[in-house]
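In what follows, a single structure is set out as structure tokens and then discussed.
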Amino acid sequence: MDKKHIEKEETKTPMNFIEQIVNEDLNTGKHQSIITRFPPEPNGFLHIGHTKAICINFGITERFGGKTNLRFDDTNPEKESTEYVNAIIRDMKWLGFDWGGQELYASDYFGTLYKYAIQLIKDGLAYVDDSSSEEMAEQKGNLTQAGSNSPYRERSVEENLDLFKRMKTGEFENGSKVLRAKIDMSHPNLLMRDPVIYRVKKAHHHRTGDEWNIYPMYDFAHGQSDSIENITHSLCSLEFENHRPLYNWFIEKLGIYPSRQIEFSRMNVTYMITSKRRLLKLVAEGVVSGWDDPRMPTVSGLRRKGYSPKSIRTFCDKAGVSKREQTVDIGLLEECLRQDLNKTTNRIMAVLKPLKVIITNYPEGQVEQMDIVNNPEEENPTYRKIPFSKELFIEQSDFMEEAPNRKYRRLAPGKIVRLKSGYIIECEDYIKDEATGEIKEVHCKYFENSRSGSDTSGLKPKGTLGWVSAAHAVKAEARLYDRLFNDPTPTQHKDRDFMEFINPNSLEILPEILVEPSVVDLKAGDQVQFMRIGYFCVDEDSTPEKLVFNRAVTLKDTWAKVQRNSK
């Protein structure tokens, strides 16, 4: 990308601080093109926090040219698996990102990293240590007290080379020896106090099998992998800021390509957690059905719930890029979804909690086909037909025995309403169940000259209700998902476990809802709006005999109101 194009882009959209750095590096000729990377560890599924890092890394190269690598930092075989690798690739592609070829792995560089370690040993900058983890922790000191040297720190180069090679061949047991960098045990940054760079770990690796008996530590593999790939800008979250001096030390001492690390704030979202360790606990203890449970903040869970790639990317864009820690309100994420689905989804008639309505003066056996718009937001709206008959179902909440006030817009004795895309009806009577006292049926009359689109009745009802024809309705299941936690920051309570804040009402299952017959053509992943109810997605548990709908988001943000009323 040439300078003129960069300046043109700058006037087009304001730049965040990372883009400003990249722009300057291109303008000054420091780099001719940009290479970034997204380096997930394959020890869990991608979550909403990862999407920010993904959007930043890919967004840089989309704006300035170049490429972004997808590299798996797979240096801890005991916690990693091919299942996680495949899930991450699937989620990345679903989000709409393209890394321009084959994905990469830190394990691709195990041979090179081993040679780097040998080089450090030969240069007197690394040594094999027999200290236990407890002893090393004691040697390290603390923020106010300098550390102390290991008794093995002055081993000769020859002895260190011999021991390290024997570590590689599997002669020593797990935990018996490590390779440490020889830096400074009094350094103010504790990470610089002779960090461990290799450990004995006799574990099967998902890619290299049993080839290796030693594995590099993340801090040793990460920066060098960036260097091997000639990453120009290594974009990391703020938690890695203290690691940067260590990465730079390795690069300097090894004399390899110096990737520039730039840190940005992580994305925390209210009512969500983004710790993979905690997410794994939710899965392991059966709080959720799996990593793709629609209540999980994982990309797989959001997709299954009904989120769209565009809504997630828009959310990340709106959340912004900064160096200051931030917690974004989940309401913004939900609103991004509403705005996207409002433009893209068909409106469907559905009744979650059915109440039968009998139109007493409608001809017995007659069925009319009503025209209903698929999506009124379309530039050129299309229509479909739905059946209308004598017996219908409406929502239970759309009827009251007595209207509470003049502003009441739903059905009640003596009140008129319009049935969406149908007729105007007036309630004349209702029948109660003698045992329970619940309303069983509502009897109404319709106004024949009030059909939607050709209404000459002169009536002006205040409300419009959704409905389905009793004889034609399709039975389905609805899963009404809500927030998994009832506290906005469940992990920020020092004296309480985050599990204490699990929302007991995070899932309500309605086994027999009624939907219009057009839904029989839907398949898993399809998104619709249930009119006046919310946005729903067809779940993968659906069968030809019964569809399952997951609620993605309500039409309006009702959570805050519910929370206020419950206090």
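The values are calculated or read from the model by the stated rules, or taken from the named source; none is laboratory data. This structure is a prediction, so every number in the text was calculated from the model and none was measured. Note that each Cβ is placed from the backbone with ideal geometry, even for glycine, and that neighbours are counted across all protein chains shown.
The criterion of at least 3 residues that are out of contact with any helix residue (DSSP H, G or I) (no Cβ under 6 Å at 6 or more places or on another chain), assigned by TED's automatic domain parsing to the domain that holds H205 and at pLDDT 95 or above is met, among helices (runs of 4 or more DSSP H) falling completely within region 1-109, by 48-64, 82-95. Hey, among G96, G170, G124, which residue is small (G, A, S) and in contact (Cβ under 8 Å) with a residue 60 or more places away in the chain? After applying the criteria, what remains is G96. Taken over region 483-510, the criterion of being in contact (Cβ under 8 Å) with a residue 60 or more places away in the chain and of a type in the set (D, E, K, R) is satisfied by R483, D487.
Checked against the criteria, K168 does not count as of a type in the set (K, R) and out of contact with any strand residue (DSSP E or B) (no Cβ under 8 Å at 6 or more places or on another chain). Only one entry of D455, D429, D487 meets the criterion of being of a type outside the set (F, W, Y), in a loop (DSSP other than H, G, I, E, B) and over 30 Å from D292 (Cα atoms), and that entry is D455. Evaluating T274 against the criteria (1) in the same structural domain as L163 (by TED's automatic domain parsing); (2) in contact with a strand residue (DSSP E or B) (Cβ under 6 Å, 6 or more places away or on another chain) leaves one unmet condition, (1).
Of all residues in region 440-463, those that are farther than 15 Å from L419 by Cβ and assigned by TED's automatic domain parsing to the domain that holds C427 have Cβ atoms under 6 Å from Cβ atoms of residues that are surrounded by fewer than 19 Cβ atoms within 10 Å (Cβ to Cβ) and modelled with pLDDT under 95, 6 or more apart or on another chain, in K440/D433. Filtered by the rule that a residue be within 27 Å of the chain's Cα centre (by Cα) and within 16 Å of N189 (Cβ to Cβ), region 243-268 gives H243, Q261, E263.
For the subset of region 507-532 comprising residues that are of a type in the set (S, T, N, Q) and part of a strand (DSSP E or B), which member is nearest to M296 (Cα to Cα)? Once the filter is applied, the top-ranked residue is Q527. Does L352 qualify as being under 29 Å from H243 (Cβ atoms) and either out of contact with any Phe, Trp or Tyr (no Cβ under 6 Å at 6 or more places or on another chain) or among the hydrophobic types (A, V, I, L, M, F, W, C) (or both)? Judged against the criteria, L352 is not a match.
Is it true that some residue in region 247-257 is in contact with a strand residue (DSSP E or B) (Cβ under 9 Å, 6 or more places away or on another chain), assigned by TED's automatic domain parsing to the domain that holds C55 and of a type in the set (A, V, I, L, M, F, W, C)?
Just the residues of region 247-257 that are in contact with a strand residue (DSSP E or B) (Cβ under 9 Å, 6 or more places away or on another chain), to begin with: 247-250, 253.
Filter once more, so that each one left must be assigned by TED's automatic domain parsing to the domain that holds C55: 247-250, 253.
Checking the rest, the ones that are also of a type in the set (A, V, I, L, M, F, W, C) come to 249-250.
Checked against the condition, which is being in contact with a strand residue (DSSP E or B) (Cβ under 9 Å, 6 or more places away or on another chain), assigned by TED's automatic domain parsing to the domain that holds C55 and of a type in the set (A, V, I, L, M, F, W, C), region 247-257 yields at least one hit.
Counting only strands (runs of 3 or more DSSP E) that fall entirely inside region 179-286 and contain at least 1 residues that are over 26 Å from N57 (Cα atoms), out of contact with any His (no Cβ under 8 Å at 6 or more places or on another chain) and of a type in the set (A, V, I, L, M, F, W, C), the qualifying elements are 196-200, 214-216. Taking region 399-416 as the range and being within 20 Å of V351 (Cα to Cα), among the hydrophobic types (A, V, I, L, M, F, W, C) and assigned to a loop (DSSP other than H, G, I, E, B) as the test, the residues that pass are M400, A412.
Among the residues of region 425-432, are any crowded, with 16+ Cβ neighbours inside 10 Å, under 19 Å from K385 (Cα atoms) and of a type in the set (V, I, T)? No - not one qualifying residue is present in region 425-432.
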